[in-house]
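This report refers to the structure that appears directly beneath it.
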Amino acid sequence: MATLDEWLDAYEVVYRALPATAHLPCPNCGHHALRMVFIGPPGAGYGYASFWCDTCLEGIHVSRAPVPAGAAARSIDAPDEERGRGIPNYRLVT
Ligand SMILES: [Zn+2]
């Protein structure tokens, strides 16, 4: 199982590549299924990031992350089903 540090390293790589897609394998299972979604106050330019793997359903939360230019952020005020659309109930690595 990947450690939190390994997840944070992967996060950095994917984060810096935004809004392009970094073709990085999951640090846990090796599949190319990493996903990142930002949720924050509208127009604030920061939010929290959900970062997970769609294959093994593990991942992390990063709070108060600046939203990179060109990356989409969902509104914290949106209804649950809209805010959480496509985000599975994944296991948080701590
Ligand atoms: Zn995985």
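Only the coordinates and a few stated rules stand behind these numbers; no lab work does. Since this is a predicted model, take the numbers as computed values, not measurements. A quick note on method: Cβ atoms are made from the backbone with ideal geometry, for glycine too, and the neighbour counts reach across all protein chains shown.
Sort 49-60, 68-79 by packing, meaning the average of other beta carbons within 10 Å per residue, with the highest value first.
Numbers: 49-60: 20.4, 68-79: 13.0.
Highest-to-lowest ranking by the protection proxy: 49-60, 68-79.
Can you give the calculated 222 nm mean residue ellipticity of the chain, where each DSSP H run of n ≥ 4 adds -39,500 (n - 2.57) and the sum is split over every residue, rounded to the nearest 500 deg cm²/dmol?
Numbers: 2 runs with 18 residues, N = 94.
Dividing the helical sum by the residues of the chain leaves -5500 deg cm²/dmol.
From the Cα trace of segment 4-89, what convex hull volume per residue do you get, rounded to a whole Å³? Numbers along the way, then the final one.
Working: hull volume 7.2 nm³, N = 86.
Cα convex hull per residue, to the nearest whole number: 84 Å³.
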